[in-house]
């Protein structure tokens, strides 16, 4: 589970995203260009992806390490960090 510092950081970011979503909802009721709506939707998707990446990073650094119930050696920590990078890279949306 996230510690209190991580919870607060994630909560702040999610509240900001929530505000962006409310802004998009207002934009829908206004005469706005579809391109403007899509731009804002892409920004929210990117922001959510960033929050997910941050939680994944926390999980690998804290939760996985703690599950071993011992201090990790540098080589083991390096392997976990490499695994985290692979997850983040794999989860990126392909560019067209």
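Observations
- The combined condition, being assigned to a helix (DSSP H, G or I), surrounded by 11 or more Cβ atoms within 10 Å (Cβ to Cβ) and without any contact (Cβ under 8 Å) to a residue 40 or more places away in the chain, is not fulfilled by residue 28.
- When residue 61 is tested against (1) exposed (fewer than 14 other Cβ atoms within 10 Å of the Cβ); (2) at pLDDT below 85; (3) assigned to a helix (DSSP H, G or I), only condition (1) is not met.
- Positions within the stretch 3-17 being over 12 Å from the mean Cα position of the chain (by Cα), over 23 Å from residue 64 (Cβ atoms) and either surrounded by 11 or more Cβ atoms within 10 Å (Cβ to Cβ) or at pLDDT below 95 (or both), in sequence order: 16
The values are calculated or read from the model by the stated rules, or taken from the named source; none is laboratory data. Predicted model only: the values in this text are computed from it and were never measured. Cβ atoms come from the backbone with ideal geometry, glycine included; neighbour counts cover every protein chain shown.
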